[in-house]
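A quick write-up on the structure given underneath.
Just so it is clear, none of the values below were taken in a lab; they were calculated from the coordinates. All figures in this text were calculated on a predicted structure; none of them were measured in a lab. Note that we place each Cβ from the backbone using ideal geometry, even for glycine, and neighbour counts take in every protein chain shown.
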Amino acid sequence: MNRQKPLFFDLGFFRRSIQQKIQYRPCTKNQQCSILRINRNRCQYCRLKKCIAVGMSRDGNP
Ligand SMILES: [Zn+2]
């Protein structure tokens, strides 16, 4: 598996999203948002997607 650098600052967000089954509003930009530290709250849909993409498992463990 491609091990990218974990997004540590997103672990809390990710766990909360999974455990509370939060449904974020779908992305309005083709789900192509860049998730940067400065704008990570702009699109939570892409942010969650990014978490999954880097290999965080759905039960909340990195
Ligand atoms: Zn987005």
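Compute the semi-axes of the equivalent ellipsoid of the stretch 8-53, taking the square root of 5 times each eigenvalue of the Cα gyration tensor, and list them largest first in whole Å.
The answer is 16, 13, 8 Å, longest axis first.
The dipole here belongs to the stretch 8-53: it is taken about the Cα centre, uses +1 on the Cβ of Lys and Arg and -1 on the Cβ of Asp and Glu, and is about 60 debye.
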